[in-house]
Structure formats: C-alpha cells, structure tokens
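Colleague: Let me give you the structure first, and then I'll get to my questions.
The values are calculated or read from the model by the stated rules, or taken from the named source; none is laboratory data. Computed from a predicted model, the values in this text were never measured in an experiment. Counting neighbours? That spans all protein chains shown, and the Cβs are built from the backbone with ideal geometry, glycine included.
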Amino acid sequence: MKLNELAARSGVRRTTLKHWIRVGILPPGRLRNHTTAVYEQRHVDRAQLIAVLRDSYGASTAAIKSLTDLIDSEGVLTLDVMNACQAFALGVPEESIADPAYEIYRERTYELMRRRDWRGYPGAAEQGLVHALAQASAVGLAYDVDELMAYADALEPLAVPNVAALQPDGSPDVVARRMLLAINARARQLVAVSSLAHAAIAIRSAIERGVAPPDLATPPPAPER
C-alpha cells in the first residue's frame, strides 16, 4: 500500500506519518523506486499503537521509541510486551524503584502477593503498587495488607475475563495497543466507580446529619418494562 492508503487504514494523517518516520518511531516503507515507498500491515499496526500512546497517554517521542524498540527486539515474548505496557501505563519513576524510603510499601506489596500467590512479570505491576501506596500514604491514606486484600478479593475475579478479552495474539504492536487501551479504560472505570461510591457516602452522611434534603441526587426511576 502507498502512504495515502496507510493513512486511511491507520486513521493517522499523512503529515503525521511522515513525521513519525522522520523521528524514527515508524519504520520507513520499502522503496519501490526513487520516489515511491510501499507499506505493509505492520506499518498500520505500529501507527495505531503510536496513536494510542500519543492520544491516550500523552507520550513523548522518546518514551514511544523506548517501548517500540523493546517490541522490535529479537525474541521478545508476549509477556515481555504486556509487562512493558504495564510499566509504561503506571509511569513509576526509576528512582523510586530502589528507594529505601519505599521499603515499608514494598514489603506490604510483597505480603499481599504472598497471601494471594500472585506473581509479577518481572515487576512493573508490583512496582506500580509500591509507588501508589507511597503516594496514598502521603495524603493520609495508609492502606494495610488487610485492606489491600479486600480490594484484591473484589478485583481478582474481574481480572479473569479482562485477561481473556485481551486476546494476546496478533503482532506485538496489536497486543501492546490492546493492552494500553484496556489499562486506560479499566483505570477510568475503577476511578469512576470509586468516585461514585465516595460521593454516595458523603451525600448519605449529609442527609443523616440534616444538612441536605432527603431527595438529593436521587437517581431516576428504572424504566418500565
């Protein structure tokens, strides 16, 4: 396919594709002659992955290249790609990974993993939890292992269909794009449900204290069947 078709199939503008080729995150096409290059499905897959990294995560060119270089590494495994996507999405600062100040949160995370027989591959997810626990503690939300177990009780059954829905087949670019889209959508959903629960508790408390009307924010009635 020519560049125009690549743009149509990937949903990315020609000028943007040319820029990505120029900065080295999209492989160049195969030259048919001095003025014409042809592209393949792998270019579509890569362009769509870059679009997700740019639009959903606001990733820099350097960050995109770091991930795509790993994907292009010889012998890369699907689990390697999925772990790299988790690391990318969680955005854990490198300096915090071995920071001794995080040791209490590191042990809390490992205790959760031991209790549930959870294994990380090879560390992005647990490093993300360590960092999140430290951030939560800094604003007065110190979750202990029992509280984390309660979250895990609710989330583990939901993870089974989520993993199945990822469909870890296809090219590494396709797997990475699905993984990143899923992480982003899942995070937004969990934050939204949590926010709704917190809002409901606050409103209920206000009604019980008599500082809010009893019909405040009542959801509409269910539609008749």
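Colleague: Select from region 73-99 the residues that are free of Cβ contacts under 8 Å to residues at least 40 places away in the same chain and outside any helix (DSSP H, G or I) and list them in ascending order.
Modeller: Ser73, Glu74, Gly75, Leu77, Gly91, Val92, Pro93, Ala98, Asp99, listed by residue number.
Colleague: Only one of Tyr143, Tyr102 is more than 15 Å from the chain's Cα centre (by Cα), among the aromatic types (Phe, Trp, Tyr), assigned to a helix (DSSP H, G or I) and surrounded by 11 or more Cβ atoms within 10 Å (Cβ to Cβ); which?
Modeller: Tyr102
Colleague: Answer yes or no: is there a residue in region 9-30 that is of a type outside the set (Ser, Thr, Tyr), loosely packed, with under 15 Cβ neighbours inside 10 Å and in contact with a strand residue (DSSP E or B) (Cβ under 9 Å, 6 or more places away or on another chain).
Modeller: yes
Colleague: Being free of Cβ contacts under 8 Å to residues at least 40 places away in the same chain, part of a helix (DSSP H, G or I), in contact with a Lys or Arg (Cβ under 6 Å, 6 or more places away or on another chain) and of a type outside the set (Phe, Trp, Tyr), is that true of even one residue in region 112-131?
Modeller: Checking region 112-131: at least one residue is free of Cβ contacts under 8 Å to residues at least 40 places away in the same chain, part of a helix (DSSP H, G or I), in contact with a Lys or Arg (Cβ under 6 Å, 6 or more places away or on another chain) and of a type outside the set (Phe, Trp, Tyr).
Colleague: Looking only at region 1-27, filter to residues that are touching a residue at least 24 places away in the same chain (Cβ under 8 Å) and not in a loop (DSSP other than H, G, I, E, B); which one of those is farthest from Leu67 (Cα to Cα)?
Modeller: Glu5
Colleague: Among residues belonging to region 26-45 that are more than 36 Å from the chain's Cα centre (by Cα) and among the β-branched types (Val, Ile, Thr), point out the one that is modelled with the lowest pLDDT.
Modeller: Thr35
Colleague: Applying the selection to region 171-209, what residues are free of Cβ contacts under 8 Å to residues at least 12 places away in the same chain and not in a helix (DSSP H, G or I)?
Modeller: Matches in region 171-209: Arg209 only.
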